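Readers should treat all values here as calculations from the given coordinates under stated rules, not as data from a laboratory. Please read these numbers as outputs of a predicted model, since none were measured by experiment. Counting neighbours? That spans all protein chains shown, and the Cβs are built from the backbone with ideal geometry, glycine included.
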């Protein structure tokens with residue numbers, strides 16, 4: 001049965017292809033079946049539907065409560081069968097819903113940064129994706145994407161710029177103590193950074209603070 005999700009994904013794909021070029025690499029890294037956590041960087045409001053349009057899995061997103069309460073964004077979230085999560089607190093209801101999605105062998109979409117980057121650089125990760133992977137046993141698939149801002153900006157909309165999506169290799173974060181979660185969360189961001197061009201990796205280190213970590217997995 002064709003669902004609204006299917007129609008929306010086809011529509012997003014057609015509109016995006018009309019506005020710019022599309023480059024998708026690494027699709028062989030995304031498991032076609034079974035539970036998986038898709039963890040992309042977050043640059044634009046359209047990231048969730050674009051990933052849904054160009055990745056070969058139906059993605060169930062955790063959407064921030066603020067978007068869920070917005071008249072338009074909330075409607076869009078419901079159309080794409082997302083579910084709300086309250087940021088900045090332990091939202092047990094959202095956590096249980098995410099585990100249910102994974103227990104059913106589906107693809108869960110979660111933006112580790114928790115919000116769109118205002119600068120274009122990667123932001124520090126929250127530990128949600130790590131906790132869900134450890135609890136469910138599902139692998140995390142890091143995804144790097146960039147270019148949609150340029151496509152939708154002026155005069156980029158007239159220049160057919162390119163949207164890039166790069167799918168990284170799946171991995172299982174190891175068990176750890178709670179105080180070690182920030183280390184594993186940062187490791188996820190390093191894996192995402194390895195998929196991005198330098199201008200979208202980590203922000204420059206302040207003078208005298210030492211160098212930023214390398215943008216490649218250990």
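Annotation for residue 199 and residue 154: the two label points, set 7 Å from Cα along the Cα-Cβ direction, are 2.0 nm apart. Using a ≥ b ≥ c from the Cα gyration tensor of the stretch 64-141 (square roots of the eigenvalues), is it rounded, prolate or oblate, where a/c under 1.5 gives rounded and otherwise the larger of a/b and b/c decides, a/b for prolate? Oblate. Put in order of Cβ neighbour count within 10 Å, fewest first, the listed residues 12, 24, 167 become 24, 12, 167. Computed from label points 7 Å out along Cα-Cβ, the spacing between residue 162 and residue 86 is 4.4 nm.
Helical content of the chain, expressed as a calculated mean residue ellipticity at 222 nm, amounts to -10500 deg cm²/dmol (DSSP H runs of 4 or more residues, -39,500 (n - 2.57) each, divided by residue number, nearest 500). Across the stretch 12-200, Cα pairs under 8 Å and at least six residues apart give a relative contact order of 31 percent.
How do 50-57, 140-147 rank on mean C-beta neighbours within 10 Å, highest first?
Details: 50-57: 19.8, 140-147: 23.8.
For the peptides 50-57, 140-147, the packing ranking is 140-147, 50-57.
With each label modelled as a point 7 angstrom along the Cα→C-beta vector, the residue 13-residue 33 pair spans 2.1 nm. Spread over its residues, the convex hull of the C-alpha atoms of the chain is 136 Å³ per residue.
Between residue 58 and residue 24, the contour length at 0.36 nm per residue exceeds the alpha carbon distance by 10.6 nm.
Only bridges with both residues in the chain count here: give the DSSP antiparallel percent, nearest 5. Let's see the in-between values first.
Values: 5 of 23 bridges.
Counting only bridges with both partners in the chain, antiparallel ones make up about 20 percent.
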